[in-house]
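A short worksheet on the structure shown next.
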Amino acid sequence: MGSSSSKPEASQSSHVWKASSPVGVSHDVVESLQSSSESDTSRAQTLELAVQARVASELRKLEAQSTELLKAATEKITSLPADESAEQQKSQPAVSKEVEALRARLHKRKQLKPLPDSVEQARGEVVRCLQENDRRPLDCWKEVEAFREEVRRLEKGWVDKVVS
């Protein structure tokens, strides 16, 4: 224990390859592999540099494409005729007129129907109870449940009418 160092010595820098079976390659190939000064780290560094160069070239290519697209879009925007851009920017009176027309259409669509008498009566009972018991609103639970039941009936009728 401790009689030999765990790191290889500097004098053992050469690679020695010993095959356990007969070699199927020529002696020249084996010698060139053994005499090669290239290590795993140098191969990894070479590969990393190649990858970095490829990424840099792809980035330059993408940057050139995006520059061309931006230039084309800018030219397209600047080449719009003046009458189209003026048409897109309406004056304040024209916009006000459109808003009023839309409001009129909206009011025509609003066709609120009066609530049935049973719902109105249940609503009135809830309001009356809450006014009488302004300090104790929880005492109006019966009136609230009756109102909810009337609303459920009204909604069920509406759903049945829409579905059928």
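Scanning the stretch 88-119 for residues that are within 26 Å of GLU149 (Cβ to Cβ), aliphatic (A, V, I, L, M) and open to solvent by 90 Å² or more (accessible area, probe 1.4 Å) yields a single hit, LEU112. In this entry, GLU48 is excluded by the filter for residues that are open to solvent by less than 100 Å² (accessible area, probe 1.4 Å), modelled with pLDDT of 90 or more, of a type in the set (D, E, K, R) and touching an Asp or Glu at 6+ places or on another chain (Cβ under 7 Å). Out of VAL119, VAL95, VAL99, which single residue is closer than 19 Å to GLU155 by Cα, modelled with pLDDT of 85 or more and assigned to a helix (DSSP H, G or I)? Step by step, each of VAL119, VAL95, VAL99 is checked, and only VAL119 is closer than 19 Å to GLU155 by Cα, modelled with pLDDT of 85 or more and assigned to a helix (DSSP H, G or I). No other residue among GLU38, GLU125, GLU58, GLU68 is open to solvent by less than 100 Å² (accessible area, probe 1.4 Å), within 35 Å of the chain's Cα centre (by Cα) and of a type in the set (Asp, Glu) apart from GLU58.
Residues in the stretch 1-29 that are of a type in the set (Val, Ile, Thr) and at pLDDT below 75: VAL16, VAL23, VAL25.
To keep it simple, each residue is scored yes or no on (1) free of Cβ contacts under 8 Å to residues at least 40 places away in the same chain; (2) of a type in the set (S, T, N, Q); (3) outside any helix (DSSP H, G or I); (4) open to solvent by less than 80 Å² (accessible area, probe 1.4 Å).
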| site | (1), (2), (3), (4) |
| --- | --- |
| GLN131 | yes, yes, no, no |
| ASP134 | yes, no, yes, no |
| LEU138 | yes, no, no, no |
| LYS142 | yes, no, no, no |
| ARG148 | yes, no, no, no |
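The values are calculated or read from the model by the stated rules, or taken from the named source; none is laboratory data. All values derive from a computational prediction rather than experimental measurement. Cβ: placed from backbone, ideal geometry, glycine included. Neighbour counts: every protein chain shown. Protein only, heavy atoms only, side chains kept; ligands, DNA and RNA dropped before computing areas. Shrake-Rupley method; radii C 1.70, N 1.55, O 1.52, S 1.80 Å.
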